[in-house]
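No value in this document is a laboratory result; all are computed from the given coordinates. Quick caveat: nothing in here was measured; it's all calculated off a predicted structure. A quick note on method: Cβ atoms are made from the backbone with ideal geometry, for glycine too, and the neighbour counts reach across all protein chains shown.
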Ligand SMILES: [Fe+2]
Ligand SMILES: [Fe+2]
């Protein structure tokens, strides 16, 4: 159940700043999973979950503003997936207040996030790649 969520080049979307943020997100989930599997106290897990939620919010805002600045046509749909991920993370944070964080809760969340990275974030990266000359300019923006 649940893998090791460490970021590997397999998760690469090809935009360095976004890849770096994904690495931090996945590392953070890995830490939480490890703590949960060692039955760490919720008071230990909660701050890490809080950080994960904050970082995810920043990351999603970063992606969305990159998409906005290059008029990515898939932005609305993409932002909706971000909202769903945030709502998962909120639920997890709430569960942690009730001392109910378990692997069973974390696995679907990590799966959703991974699926998003591997499909939707990659779609954006490859769209940038096919927009030709403007793509170059946009890539600089998205890479930050
Ligand atoms: Fe992302
Ligand atoms: Fe995204």
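Values as computed for the structure displayed
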item: Two-site FRET efficiency, residue 98 against residue 24, from Cβ-Cβ distance with R₀ of 30 Å, rounded to 0.05; result: 0.65
item: Angle in degrees between helix 16-37 and the longest Cα principal axis of the chain, rounded to the nearest 10; result: 10
item: Efficiency of FRET from Cβ geometry, residue 76 and residue 46, R₀ 35 Å, rounded to 0.05; result: 0.60
item: Reciprocal of mean inverse Cα separation for the chain (Kirkwood radius, Å); result: 15.8
item: Folded to 0 to 90 degrees: helix 132-143 orientation relative to the chain principal axis, Cα; result: 30
item: The stretch 1-77, relative contact order [Cα under 8 Å, separation at least 6], %; result: 26
item: Full-stretch length increase - residue 55, residue 114 - with 0.36 nm per residue and alpha-carbon distance subtracted; result: 19.7 nm
item: Zone of residue 8's modelled label, taken as backbone nitrogen in the stretch 30-65 under 14 Å from a point 7 Å along Cα→Cβ; result: none
item: Exposure proxy order (Cβ contacts within 10 Å, fewest to most) of 101, 48; result: 48, 101
item: Per-residue [θ]222 nm for the chain (sum of -39500 (n - 2.57) over DSSP H runs n ≥ 4, rounded to 500); result: -25000 deg cm²/dmol
